[in-house]
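Read the figures in this text as sums done on the coordinates, not as results from a lab. No experiment lies behind these values; they were computed from the predicted model shown. Note that we place each Cβ from the backbone using ideal geometry, even for glycine, and neighbour counts take in every protein chain shown.
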Amino acid sequence: MPARRQELSLRLAGIDDWNPMVEGLYTAAAGMSAQQVKLDAISNDLANLSTTGYRSERVAFSDLLYGPVRLAGTTTTAGAGASAELLGRSAAQGPLQETGRPLDLAVEGDGYIQVTAADGRPALTRGGGLAVNAAGQLTTAEGARLSPPITLPAGVSAAQLRIASDGTVSAGPRTLGRITLTTVASPDHLLAEAGGLLRPTSASGEPRAATAASVRQGALEQSDVNLGREMADLTSTERSYQLASSAIQTESQMMSIANQLRA
């Protein structure tokens, strides 16, 4: 049985072998691990401060196992620290920036642009900075094709395109296609990948038509990362990490003293 699992088993069984100093090391290490998850999320958010359509990551903390232990002839309850996990992306709408560029689209509301990634698998994105590839197809800036594909006829330029709020793409009197806006039951469980793409998962649910979303031509949705809030979170998280690290050093010194006294 691994040492950690054995320690928890002893505590739940109320055995007197529970060592509070060793447990303190576990608790402090769990705290450092939890704060590292938060630091990684903040770092990722700050790195995507200028990424079109980016939505910040959400982190939640929870208590680890609590159980009864006997110490110095009395029974008490002790915890094993805290853990952290990513809950998914923020649902906040990022600010819109008017660009006037005909291939720039901002998604307003709860929806995503449906695309086909380079590997042929379906994906979603809120990054609406479109481009035209060598085959005349509309793609994301990273090259993912719209799904279903929309191809510009010969002689039609991007400047001639008009994109309605429902995603209908036209050039003069000709309708070229419609940009599909979709959503999922649980956006928190979409899997983020490079290029601003989001992959549907079994936990997120299959994409379905978005009824509460529209597009605005000539605008882009900016990242919803709030720099001031992120910097405040970074400061408090770093301090929490340092406190947990100091607790480990203190516990180590106490164990060293105890071992010397025993000798």
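Close amide H pairs (under 5 Å, H built 1.01 Å from N) link Thr180 with Gln114, Ser147, residues at least 5 positions away or on another chain. With neighbour counts taken as other beta-carbon atoms within 10 Å, the residues Arg216, Arg58 rank, fewest first, as Arg58, Arg216.
Converting phi to 3J(HN,Hα) with the Karplus coefficients 6.51, -1.76 and 1.60 and the offset θ = phi - 60°, segment 26-37 yields 4, 5, 5, 5, 4, x, 4, 4, 5, 5, 5, 4 Hz in sequence order, with x at every glycine or proline. When only Cα pairs below 8 angstrom with a gap of at least 6 residues are kept, segment 96-221 shows a relative contact order of 36 percent. Around the amide H of Glu108, modelled in the peptide plane, lie the amide H atoms of Ser214, Val215, Arg216, all under 5 Å away and 5 or more residues distant in sequence or on another chain. Once backbone amide H atoms are built at 1.01 Å from N, Leu87 has Arg58, Val59, Ala60 as its partners under 5 Å, excluding neighbours fewer than 5 places away on the same chain. Applying 0.36 nm per residue to the separation of Thr116 and Ala203 and subtracting their alpha-carbon distance, the gain on full extension is 29.3 nm.
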